[in-house]
Amino acid sequence: MRDAHKHTRTALAGALAAGLLGLASAPAWADDANPARVTPVDNSGAQVKTTELPSANTTASVVAAAPRTTATSTPASVDAAPGQVVAGGKVPDEATHAAVLARLRETYGAANVVDQIEVGDVATPPNWSANVQKLLNSQLKQIHKGQLKIDGTQIDVRGEVGNEASRQQIASDMATALNPTYTIRNGLRVSASEQGLLDQTLANRTIEFETGSATLTPQGRAILDQMAAVLTKMNTRTVAIIGHTDNAGNRASNIALSQARADAVKGYLVGKGISPQQMTATGVGPDQPIASNDTSDGRARNRRIEFRAGL
């Protein structure tokens, strides 16, 4: 590490309707001796983007964190009231200061933004202010109990979102909005009140069908009886029912079979009183395995019905 480096740190913290959203900072240092290979991953292990950082890369940091953050490099923030966003830290000039505040006020409302930002002598990567502003948009309002940390060209986003599609889309949109020198680490998780409830009910069990068909077995129907009781409590949410197979046999046939099984699950749940408008059914065949198809155990795990909480 080189003490001569100066870093921009901006912290944004806010209490949203269902929790906290914020920004907090810890300095990131470039290795002047060697290029750094950065492979951002999300918490499921999937790569978001890979980029080669040049040596002697200068970094700056912007972070958003809950008011109770313990990051020592971030100024202590005031307690945020529900709906408030507390912005703090240090930016290189008044123009950046004004731009950050404008974006936050546009997103959350002027009365909900508490300004604790300082202007000081700090260095930033090229176009850093503009790139930071791209991340301060209404999409952040989907994150609860969260933290967005922009540390130079490294971005970490954490917190709870309503469904798996949002978890993936938020990180993907961030990566798309920025140039390739920026990397994203996706630490978002689906709220336990929605996806967690579905996962807990399924409890890693397999919804069984008759071999090679879309006919549910008695064991499969018993699990769906439990799932119907849960879906009744989620009548304001949609749920995606996704059928999966292993890779044995013809891919087109597997996709058709997975679709038929997803349709059968949806049909059974409709028969239990769940609105058909609350559910979608999709078959993806062997295209999204969760285990190796090289073993019988792996193939069995890949033959599954998945439930995803939606909006």
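The values are calculated or read from the model by the stated rules, or taken from the named source; none is laboratory data. Predicted model, so just to flag it, every value in this text is computed and none were measured. Note that we place each Cβ from the backbone using ideal geometry, even for glycine, and neighbour counts take in every protein chain shown.
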note = When every residue in the range 148-200 that is closer than 24 Å to Ala87 by Cβ and among the acidic types (Asp, Glu) is compared, the one modelled with the lowest pLDDT is Asp151
query = Can you tell me how many residues in the range 156-184 are in a strand (DSSP E or B), in contact (Cβ under 8 Å) with a residue 40 or more places away in the chain and not charged (D, E, K, R)?
reply = 3
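Condition check ((1) closer than 19 Å to Leu104 by Cα; (2) out of contact with any Pro (no Cβ under 9 Å at 6 or more places or on another chain); (3) assigned by TED's automatic domain parsing to the domain that holds Asp246) across all residues:
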position: Asp121; (1), (2), (3): no, no, no
position: Gln142; (1), (2), (3): yes, yes, no
position: Val157; (1), (2), (3): yes, yes, no
position: Gln168; (1), (2), (3): no, yes, no
position: Thr201; (1), (2), (3): no, yes, yes
message = I want to confirm something. Restricting to the range 149-160 and keeping residues that are closer than 16 Å to Val91 by Cβ and buried (at least 24 other Cβ atoms within 10 Å of the Cβ), which single residue is nearest to the chain's Cα centre (by Cα)?
response = Lys149
ask   = Which of the residues that make up the range 122-150 are under 21 Å from Thr96 (Cβ atoms) and β-branched (Val, Ile, Thr)?
value = Val122, Thr124, Val132, Ile150
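Look at Gly187 and say whether it is free of Cβ contacts under 8 Å to residues at least 24 places away in the same chain, closer than 30 Å to Gln154 by Cβ and under 25 Å from the mean Cα position of the chain (by Cα). Don't jump to the end; show me each part of the working.
Details: free of Cβ contacts under 8 Å to residues at least 24 places away in the same chain: no; closer than 30 Å to Gln154 by Cβ: yes; under 25 Å from the mean Cα position of the chain (by Cα): yes.
Considered against the rule, which asks whether it is free of Cβ contacts under 8 Å to residues at least 24 places away in the same chain, closer than 30 Å to Gln154 by Cβ and under 25 Å from the mean Cα position of the chain (by Cα), Gly187 comes out as no.
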message = Give me the residue from the range 282-311 that is of a type in the set (S, T, N, Q) and surrounded by 14 or more Cβ atoms within 10 Å (Cβ to Cβ) and, out of that set, farthest from Thr201 (Cα to Cα).
response = Asn293
key: Scan of the range 192-236 for residues that are among the acidic types (Asp, Glu) and either closer than 13 Å to Ile274 by Cβ or in a loop (DSSP other than H, G, I, E, B) (or both), ordered by number   = Glu208, Glu210, Asp225
task = Would you mention how many residues in the range 103-150 are among the small types (Gly, Ala, Ser) and either touching a Phe, Trp or Tyr at 6+ places or on another chain (Cβ under 7 Å) or not in a helix (DSSP H, G or I) (or both)?
result = 4
key: Qualifying positions in the range 230-281 - closer than 24 Å to Gln200 by Cβ, among the small types (Gly, Ala, Ser), touching a residue at least 12 places away in the same chain (Cβ under 8 Å) and surrounded by fewer than 17 Cβ atoms within 10 Å (Cβ to Cβ)   = Gly273, Ser275
